[in-house]
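This report concerns only the one structure given below.
Throughout, read-outs are computed from the coordinates displayed, never taken from laboratory work. Because the structure is predicted, anything quoted here is derived from the model rather than measured. FYI the Cβ positions are ideal-geometry reconstructions off the backbone, even for glycines, and counts take in every protein chain you see.
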Amino acid sequence: MSFTYELKKEILEKENSKMCCSLAELAGIVAFSSLIKNGTLRIVIENKAVASRIIRLMKRTLELQAVIDKKNGGGVRKNDVYVITVIQGEKLLEKLGVDGGIKKKLTEKPCCKKAFLKGAFLGGGSVSDPGKRYHLEFVTAYGELCEDFKQLLAELGLKAGTISRRGKEVIYFKDCDSICDVLAMVGVNKGVMEIYEVKVIKDKKNELNRINNMEVANIYKTADAAANQIKCINKIAEKAGLEALPEALRKLADVRLKYPDEGLAQLGKRLDPPLGKSGVNHRMRKIIEISKRY
């Protein structure tokens, strides 16, 4: 089963106790799963449990009847779909008003705003596998609904992006925290925990990768610096002999030539008496300056 299917399954474990919230949830589902064609309202759902929820909500809130037809999936996704044809669809639209935006009376209360959001997710919401990317989107066929839905989200403290895709409007979120905020509001608690667990693992891997990249970069940096130092030392040896260097610098030059792969701190430990990294760096700069004379 897909990640989205599991999230919706968790939502469907609970029913709304308030009639107002049931109506708001139904409005959200219809707004994001229906299409008006030739004057007929059809609701298309891939999830059988969501289809059953729609039927129950219509009977409870509006005493409407509907017919469900199962159609075998085709195309790329090949998922079966459930097509709900609403008897007296005009009455449903009159009460919910989804084709012309969100009816304000349906979402006046904070609980009803969340119920509408829950319905929107059940009807046309999807979440990508968090192990691959962070992406939650709602898709609707009703252009006028898009701005109303964005406003509803803003009233809930959520900021979404919007795009048009193949003649439909898409409202989306692309960061982990916002996605989890949305899911928490619609009652997906286990799913939120799962996403954060994946995020912790991904963040740890990214941190390890950054550390590894820094270590690799430092290795290359040390190797380049060592190669330049050896080049300068060999130049002095060729032109004047290392004996021309002061004793402290000559000892450092000898150690560098003997241990070409080591960093300055390691070279300092090999001197007698040992010298700190800053002291080694100071002496090495003097050796490089001397090499420029030749």
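Overview of values
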| read-out | value |
| --- | --- |
| Dipole of the chain [Lys/Arg +1, Asp/Glu -1 at C-beta], most positive-end residue of ALA154, VAL200, ALA217 | ALA217 |
| Rounded to 5, the percent of DSSP beta bridges in the stretch 4-113 classed as antiparallel | 95 percent |
| Relative exposure of ILE29, ILE68, judged by other C-beta atoms within 10 Å (fewest first) | ILE68, ILE29 |
| Computed helical MRE - 222 nm, the chain, DSSP H runs ≥ 4 contributing -39500 (n - 2.57), nearest 500 | -19000 deg cm²/dmol |
| Order of HIS135, HIS282 under a 10 Å beta carbon neighbour criterion, fewest first | HIS282, HIS135 |
| Computed Rg/Rh of the stretch 73-182, alpha carbon atoms with Kirkwood Rh | 0.98 |
| Shape box of the stretch 212-291 [Cα atoms, principal axes, largest first, Å] | 41, 26, 19 |
| Order of TYR294, TYR82 - criterion: other Cβ atoms within 10 Å of each residue's Cβ, fewest first | TYR294, TYR82 |
| Computed over the chain: relative contact order in percent, which uses C-alpha pairs under 8 Å that are six or more apart | 15 percent |
| FRET efficiency estimate (nearest 0.05) - Cβ-Cβ, ASN79 to ARG56, R0 25 angstrom | 0.65 |
| Rg and Dmax of the stretch 45-128, Cα atoms only, in Å | 14.2, 41 |
| Lysine-lysine proximity count for the stretch 107-187, Cα under 25 Å, sequence distance 8 or more or distinct chains | 24 |
| Descending semi-axes in Å of the chain, equivalent ellipsoid built from Cα gyration tensor | 71, 17, 16 |
| Only Lys, Arg (+1) and Asp, Glu (-1) charged, at Cβ; the chain dipole about Cα centre in debye | 460 debye |
